[in-house]
Structures are given as C-alpha cells and as structure tokens.
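Take a look at the structure set out below.
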Amino acid sequence: MTKIQANPSGTRTIEVSDDHLQTLDKYQLMRDVQESHGYVDEETLNKLKLNIRALLELEAGADKALLDLCLDVIYNPNMKAFGLQQLFQLFVEWKNRSHDELSLASQALQGTPFN
C-alpha cells in the first residue's frame with residue numbers, strides 16, 4: 001500500500017494498493033487520458049471518471065477490483081488534479097519496476113539449464 005499526496009500542501013493523501021495499480025493496467029485506464037502536453041487538470045480527471053463509468057455500464061457483473069479502484073482512489077473525495085498527477089507518476093514507477101522484475105526473471109530462466 002502506497003500513499004500518494006492529494007494536494008500540494010501534503011495535508012491530504014490517498015492510499016493506493018498494488019491491486020489498484022493492476023486494475024489500472026488491466027483496463028489500460030491511464031492510456032490516452034493525459035493530453036499530449038502532459039498537463040493534468042480537472043478535465044483530465046473527469047475524462048478518466050467518464051471512461052470508468054462507461055466500463056462499469058458495459059459490464060453487467062462489474063469487476064470488484066474496478067469498483068474498489070473507483071471507491072478507494074478515483075472517486076475519493078480528496079482526488080483532484082494534483083492527486084491524479086501523483087497517481088500517474090506512481091503508475092509509471094510501478095510499471096517500470098514490474099517490467100524490470102519480469103526482465104530479471106526471464107534472464108534467470110534463460111540461464112537455467114533444463115534437463
């Protein structure tokens with residue numbers, strides 16, 4: 001569980017778990033939400049909320065992980081544009097870390113002889 005800062009002064013935080021990050025990755029929710037200029041504002045947050053709402057409407061038996069992400073992170077009362085920017089940064093770090101771990105595991109398997 002990681003805490004992200006939800007406002008510039010640091011008085012509000014939001015807890016983000018690996019499950020939340022995996023759900024973001026599974027549904028590719030961070031893809032194409034951020035504009036090309038890289039600036040995150042309230043419009044960006046609203047776009048993400050609308051994308052999630054559309055996913056929830058499409059799935060009759062909504063994924064519990066997606067609902068948890070909504071309740072715990074995206075629709076958290078403390079979530080604003082600054083918090084979303086922090087979530088983007090955490091997601092990128094998590095993605096890079098998991099990619100590095102996967103690459104190390106594949107290198108270990110390649111070096112292991114199979115009889």
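So which residues in the stretch 28-84 are out of contact with any strand residue (DSSP E or B) (no Cβ under 9 Å at 6 or more places or on another chain), among the polar types (S, T, N, Q), surrounded by 11 or more Cβ atoms within 10 Å (Cβ to Cβ) and at pLDDT 90 or above?
Thr44, Asn46, Asn51
Which of the numbered conditions does Thr112 fail, given that it passes all the others? Conditions: (1) assigned to a loop (DSSP other than H, G, I, E, B); (2) modelled with pLDDT of 95 or more.
Checking Thr112 against (1) assigned to a loop (DSSP other than H, G, I, E, B); (2) modelled with pLDDT of 95 or more, the one that fails is (2).
Considering the stretch 10-25 alone, what residues qualify as being of a type outside the set (Ser, Thr, Tyr), surrounded by fewer than 17 Cβ atoms within 10 Å (Cβ to Cβ), over 18 Å from Ala81 (Cβ atoms) and free of Cβ contacts under 8 Å to residues at least 60 places away in the same chain?
Answer for the stretch 10-25, where residues must be of a type outside the set (Ser, Thr, Tyr), surrounded by fewer than 17 Cβ atoms within 10 Å (Cβ to Cβ), over 18 Å from Ala81 (Cβ atoms) and free of Cβ contacts under 8 Å to residues at least 60 places away in the same chain: Glu15, Asp19, Gln22.
Of everything in the stretch 47-87, what is among the small types (Gly, Ala, Ser) and closer than 19 Å to Lys3 by Cα? Give them in sequence order.
Pass one, the stretch 47-87, residues among the small types (Gly, Ala, Ser): 54, 60-62, 65, 81, 83.
Within the stretch 47-87, Ala65, Ala81, Gly83 meet the criteria.
I'm trying to understand the selection: among the residues of the stretch 19-38, which are in contact with an Asp or Glu (Cβ under 9 Å, 6 or more places away or on another chain) and outside any helix (DSSP H, G or I)?
Taking the stretch 19-38 first, the residues in contact with an Asp or Glu (Cβ under 9 Å, 6 or more places away or on another chain) are 19-20, 23, 26-27, 35.
Within the stretch 19-38, Tyr27, Glu35 meet the criteria.
Going residue by residue through the stretch 10-18, is there one that turns out to be at pLDDT 95 or above, over 22 Å from Glu93 (Cα atoms) and outside any helix (DSSP H, G or I)? Spell out how you get there, then give the answer.
As a first pass, look at the stretch 10-18 and keep what is at pLDDT 95 or above: 11-18.
If we keep only those that are over 22 Å from Glu93 (Cα atoms) as well, we get 11.
Then drop every residue that is not outside any helix (DSSP H, G or I), which leaves 11.
Among the residues of the stretch 10-18, at least one is at pLDDT 95 or above, over 22 Å from Glu93 (Cα atoms) and outside any helix (DSSP H, G or I), which makes the answer yes.
Here is a list: Leu29, Leu66, Leu48, Leu71. Which entry is aliphatic (A, V, I, L, M) and in contact with a Phe, Trp or Tyr (Cβ under 7 Å, 6 or more places away or on another chain)?
Numbers: Leu29 fails: in contact with a Phe, Trp or Tyr (Cβ under 7 Å, 6 or more places away or on another chain); Leu48 fails: in contact with a Phe, Trp or Tyr (Cβ under 7 Å, 6 or more places away or on another chain); Leu71 fails: in contact with a Phe, Trp or Tyr (Cβ under 7 Å, 6 or more places away or on another chain).
Residue meeting the stated conditions: Leu66.
The values are calculated or read from the model by the stated rules, or taken from the named source; none is laboratory data. This structure is a prediction, so every number in the text was calculated from the model and none was measured. In this analysis, Cβ positions are derived from the backbone assuming ideal geometry, glycine residues included, and neighbour counts consider all displayed protein chains.
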